[in-house]
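Heads up, the thing below is written out as structure tokens.
The values are calculated or read from the model by the stated rules, or taken from the named source; none is laboratory data. Computed from a prediction, not measured in an experiment: that's the story for all the values here. As a convention, Cβ positions derive from the backbone with ideal geometry for all residues, glycine included, and neighbour counts pool all protein chains shown.
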Amino acid sequence: MKRTVKIGGVSVGGGNPVAVQTMAKAAATDIKAIIEQAAAAKEAGCDIFRVAVPDMSAAAALREIRRNIDMPLVADIHFDYKLAIAAAKNRADKVRINPGNIKKAGLKELTAALKDLRVPVRVGVNGGSLEKSYKNSSDRASALASSAMDAIRLMEDLGFYDIVASLKSSSAAETVAAYRQIDKLCQYPLHIGVTEAGTPERGIIKSAAALGSLLLDGIGDTVRISLAADPTAEVKAARELLRAVGLDKSFVEVIACPRCGRCGYDVGGLAQKVEDYTRNVKKPLKIAVMGCVVNGSGEAGACDLGIAFGGDKAVVFKDGSVLKTVGADDAEGCLFEEIKKLLL
Ligand code: SF4
């Protein structure tokens, strides 16, 4: 188990639930836009919110942002360690730095300041900005892990341990290999993600392939799905991933068969209606919508509630037993009646 690191009011590592992160898509100085994006992300289930801090005016804006969002605020810093110190002084709950573009002397000064201010850091290595000594390595996964460990050891030597690490690559395979390595090497929580994953259509699948593998192996304490889309899309995708790997059980899982030639009913349409209706319910329930008896009775019977079609009829199951048989035309109404009872 990883060490626990407190980021504002959220503890990561140490067996705490995997936290979902996203990043603002507006300049920190556009405080109104940042606050709006943070509120929408929070509503979608975000736990930790990150803002790019490219200059001192952005670092100064953090104080006002912090006052107006109710999530831990992370300052994302590249190149200039002084920005990270300014961000920490301006109430950032954590700073993310990239050891690939900050010199050792700067890292030392930053570490001393963070220790004084009691602000944690994320050592965030990125495949696109590896430091010179690792840039041409043929083993990219090892290079990512080694680069992070160099910075972590430097901080440990200065007595600083409030560290989170991340090793992001735009390749799913490289990301998985790198995290598997560092997981064995370090005691600190890991923030996992595939960098520059792309548009939602492809980026969600690429991220799910990499991050799903890691999470199923028990690797990952916070997660971000980086998409060329707004922050809420990232948060929704990350939440669904945690559900898919069984790390978030407080929701209504809708099991639906893909439908084939054995069924004439619009199973997908009904499943979608059930999913939309139960989207915000935070209870660990399972509802099955099945096209026929081949797998239908087994799946539907194993859920809290289920329906399996057959010819012009449908069988409704509750808690593993047949509740009733209705005509297919009445199936939707009957199913929703039972869903309402289930959610009471
Ligand atoms: S449950 Fe029945 S209708 Fe659905 S895919 Fe399987 S065989 Fe086809």
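Within the range 40-59, the set of residues being part of a helix (DSSP H, G or I) and either in contact with a His (Cβ under 6 Å, 6 or more places away or on another chain) or under 19 Å from K6 (Cβ atoms) (or both) comprises just one member, K42.
Checked against the criterion of being among the hydrophobic types (A, V, I, L, M, F, W, C), surrounded by fewer than 18 Cβ atoms within 10 Å (Cβ to Cβ) and within 20 Å of A302 (Cα to Cα), the candidates A244, A256 yield just one match: A244. When we screen N16, N101, N90 for residues that are at pLDDT below 95 and either in the same structural domain as D150 (by TED's automatic domain parsing) or surrounded by fewer than 17 Cβ atoms within 10 Å (Cβ to Cβ) (or both), the only hit is N101.
If we keep just the residues of the range 155-168 that are out of contact with any helix residue (DSSP H, G or I) (no Cβ under 7 Å at 6 or more places or on another chain) and not in a loop (DSSP other than H, G, I, E, B), which is surrounded by the most Cβ atoms within 10 Å (Cβ to Cβ)? So, considering only residues that are out of contact with any helix residue (DSSP H, G or I) (no Cβ under 7 Å at 6 or more places or on another chain) and not in a loop (DSSP other than H, G, I, E, B), the one surrounded by the most Cβ atoms within 10 Å (Cβ to Cβ) is S166. Of the residues examined, V254 is one that is away from the ligand (no atom under 11 Å from the Cβ), in a strand (DSSP E or B) and touching a strand residue (DSSP E or B) at 6+ places or on another chain (Cβ under 8 Å).
Considering the range 319-336 alone, what residues qualify as being under 34 Å from the mean Cα position of the chain (by Cα) and modelled with pLDDT of 95 or more? Those that are under 34 Å from the mean Cα position of the chain (by Cα) and modelled with pLDDT of 95 or more: E332, L335, F336. Within the option set R279, R239, being assigned by TED's automatic domain parsing to the domain that holds G13, in contact with a Phe, Trp or Tyr (Cβ under 9 Å, 6 or more places away or on another chain) and surrounded by fewer than 21 Cβ atoms within 10 Å (Cβ to Cβ) holds for one residue only, R239. Residues in the range 259-276 that are loosely packed, with under 15 Cβ neighbours inside 10 Å, among the charged types (D, E, K, R) and in contact (Cβ under 8 Å) with a residue 12 or more places away in the chain: R262 only.
Suppose we keep only residues that are without any contact (Cβ under 8 Å) to a residue 24 or more places away in the chain and either of a type in the set (A, V, I, L, M) or assigned to a helix (DSSP H, G or I) (or both) within the range 135-151. Which one would you say is surrounded by the fewest Cβ atoms within 10 Å (Cβ to Cβ)? By that ranking, first place goes to K135.
Let's see how each residue does on (1) small (G, A, S); (2) touching a residue at least 12 places away in the same chain (Cβ under 8 Å); (3) part of a loop (DSSP other than H, G, I, E, B); (4) surrounded by fewer than 20 Cβ atoms within 10 Å (Cβ to Cβ):
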position: R153; (1), (2), (3), (4): no, no, no, yes
position: S170; (1), (2), (3), (4): yes, yes, yes, yes
position: V176; (1), (2), (3), (4): no, yes, no, no
position: V194; (1), (2), (3), (4): no, yes, yes, no
position: G203; (1), (2), (3), (4): yes, yes, no, no
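Residue check: is V74 assigned to a strand (DSSP E or B), farther than 20 Å from A26 by Cβ and at pLDDT 95 or above?
Considered against the rule, which asks whether it is assigned to a strand (DSSP E or B), farther than 20 Å from A26 by Cβ and at pLDDT 95 or above, V74 comes out as no.
Looking at A256, A271, just one residue is closer than 28 Å to R239 by Cβ, in contact with a Leu (Cβ under 9 Å, 6 or more places away or on another chain) and of a type in the set (G, A, S), and that residue is A256. The number of residues in the range 282-327 that are surrounded by fewer than 21 Cβ atoms within 10 Å (Cβ to Cβ), touching a residue at least 24 places away in the same chain (Cβ under 8 Å) and within 13 Å of the ligand (Cβ to nearest atom) comes to 4.
Answer yes or no as to whether L62 is over 25 Å from Q181 (Cα atoms) and either in a strand (DSSP E or B) or more than 21 Å from the chain's Cα centre (by Cα) (or both). Answer is yes for this residue. Only a single item in (1) away from the ligand (no atom under 14 Å from the Cβ); (2) touching a Gly at 6+ places or on another chain (Cβ under 9 Å); (3) not in a loop (DSSP other than H, G, I, E, B) is not met by A233, and it is number (2).
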